[in-house]
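Please read the structure below before turning to the comments.
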Amino acid sequence: MKPSNPIYFNNPQRLTQLIGANTTVIVAGRRTGKTDSIAAPFMLRNMQRMPGSTGGIVVPTFRHGLTNTIPGLLAAWKRWGFIEGIHYVVGRKPPKSFAEPIIKPQHYEHVISFYNGSVAIMLSQDRPGAANSLTLSWVLVDEAKFIDYAKLKDEVLPANGGIKTHFGKHSFNHSMMILSDMPQTQKGSWFLHYREKMDNEVIEAIKGLIFKIWSTKEHIRNLKAAGRRVPGYLQNSLRKMDRDLNRLRSVAVFYREYSSIENLQLIGENYIKQMKRDLTPLTFQTSILCQRIGIAKDGFYNSMRERHKYNASDFEYLDSLGWHYDAHAIDCRADRDLDPDSPICIGMDYNANINWIVAGQPRGDQLLVLKSFYVKYERKIPALVQEFCAYYTYHRKKTVIFYYDATALGNNFAVNEQDFHWNVVNEFNRNGWDVVDVYIGQPMRHDEKYLLINNGFVGKQRLMPLFNRQNNDDLILAIQSAGVERGRNGFRKNKSGEKLAENEENLLEHRTDGTDAFDTLYIGCEKFPQSATVTTISLTGIG
């Protein structure tokens, strides 16, 4: 397939494609083109050169695959001249004009089918049994820092044995590509050890062979252009070098870490400056500069563990949307953890430049943190409440339990003449929601809050908080990175950044506002339960 326009690849993308290692691990910052120009060529090579093969695209959640991974892959293919409906089809049985795969999928809802019979199956870790009974010839692991390695090792890697009778000669049979930005937790760091597995001598030998093959081909082209005979030994040498290159690639592990600056020519200097301004220092370090950081063992929420996060996609609803839809249009119908007939509890935090809502529902002895919202700068409480109401348009019980403390009274940061409490209640009422407002008094002392919430995490309180992972990315990051310091009353949350003037190193997203909204929600649900929020819906099946 020859694209109509020249294709640009940056240095990391070119090097990854040239090395062509059997196992490739790329840890790179945002906007380095991991999906577009590293994953997409990897898939194309495998599907075109192993006709009829089956590959697996491993994603942390089905929703992530539909909204992030797959659109990026398909957009790259389209740009290179591959047309949906002609060269491949998505989410449906392929036309009879397509070749048949060696092993037919049981169904095609989560399958990309290529014209030559190759198929790629999306395997989401929140969908139980997605890799059962599969025989894979290659695996792509996207957003590896969110992947559960135990599940990957038990369910997917054993399936990646390939069909050796058909494709055993290819160095990329049984291949694996792992992509991620730098992880911030120990659990998400499972793939970093591949750096030690890489044999630099093998990689340098591959580079040397590639150059030697190129120079030999160039010599042959020059001979032909001059009308001279090409000696037989040159062709024999090329065949031998190709065999040697294939053998080296079949055992090679290629590991690289890149910052977003590697793609500066395309993303521009302003993007890097904007990310430095908008992201927390921790996120900028890992997601943009791709720097390894020490995993903090102590923090204000030091009892929070991976088991306090869960996935809860409504697959039936997501399947009904198909593979092509606006990711921003997803609403609460995609959430399987929401009880549509119970009120939604909320805690908030108010600030001149950022305002938060953290939403949850008590469920037996657990507090499910369903979703969090925030607005910044000129967007104030009306816009924040509107976002909440838009997302929960299809929630049947249009009632919120609004927990608030004394900070919501008598202040408004110039929203209007009324205070935060009045504005919140008024905006919900204006959007057709009833409000049960529950005053929880003066803000709880930090040492008391520290003990209360951490005891909640370890099961020593009435409610244990659990977080919907895909709906609380920013909140989870803020909680995991919230520091602790000693005050005169014992432990307290380190909010020192909020006292400083805003600058490039200390902007509003660096602060603990979102965690304060969560604190209010948890304290309210734990200490001031409302009978209307009690529900007996089971969490069975939520991962």
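The values are calculated or read from the model by the stated rules, or taken from the named source; none is laboratory data. Treat the numbers as computed from the prediction; the structure is a model and nothing was measured. Cβ atoms come from the backbone with ideal geometry, glycine included; neighbour counts cover every protein chain shown. Heavy atoms of the whole protein, side chains included, go into the accessibility calculation; ligands, DNA and RNA do not. Shrake-Rupley method; radii C 1.70, N 1.55, O 1.52, S 1.80 Å.
For the stretch 8-48, run through the chymotrypsin sites (Phe, Trp or Tyr not before Pro) and keep only the ones in DSSP coil with at most 14 other Cβ atoms within 10 Å of their Cβ.
Here the sparse-neighbourhood loop sites are Y8.
Where the accessible area of the stretch 1-76 is counted over protein heavy atoms with a 1.4 Å probe, how much of it, in %, is carbon and sulfur?
Of the solvent-accessible surface of the stretch 1-76, carbon and sulfur hold 51 percent.
How big is the stretch 140-180 by Rg and Dmax over its Cα atoms, in Å?
Over the stretch 140-180's Cα set, Rg and Dmax evaluate to 11.8, 34 Å.
Does the stretch 336-451 come out rounded, prolate or oblate by the C-alpha gyration tensor, with a ≥ b ≥ c the root eigenvalues, rounded set by a/c under 1.5 and, if not, prolate when a/b is larger than b/c and oblate if not?
oblate
Could you do me a favour and compute the accessible area per residue for the stretch 157-256, 1.4 Å probe, result in Å²?
On a per-residue basis, the stretch 157-256 sits at 56 Å².
Averaged per residue, what accessible surface does the stretch 1-112 expose to a 1.4 Å probe, in Å²?
On a per-residue basis, the stretch 1-112 sits at 43 Å².
With both bridge residues required to lie in the stretch 21-129, what share of the DSSP beta bridges run antiparallel, to the nearest 5%?
Counting DSSP beta bridges with both partners in the stretch 21-129, the antiparallel share is about 45 percent.
For the stretch 357-408, with every protein chain kept in place, what is the accessible area per residue (1.4 Å probe, Å²)?
Heavy-atom SASA per residue in the stretch 357-408 reads 34 Å².
Taking a ≥ b ≥ c as the square roots of the Cα gyration tensor eigenvalues, with a/c under 1.5 meaning rounded and otherwise prolate when a/b beats b/c, else oblate, which class fits the stretch 112-168?
prolate
Where a ≥ b ≥ c are the square roots of the eigenvalues of the C-alpha gyration tensor, would you call the stretch 65-169 rounded, which needs a/c under 1.5, or, failing that, prolate if a/b is larger than b/c, or oblate?
oblate
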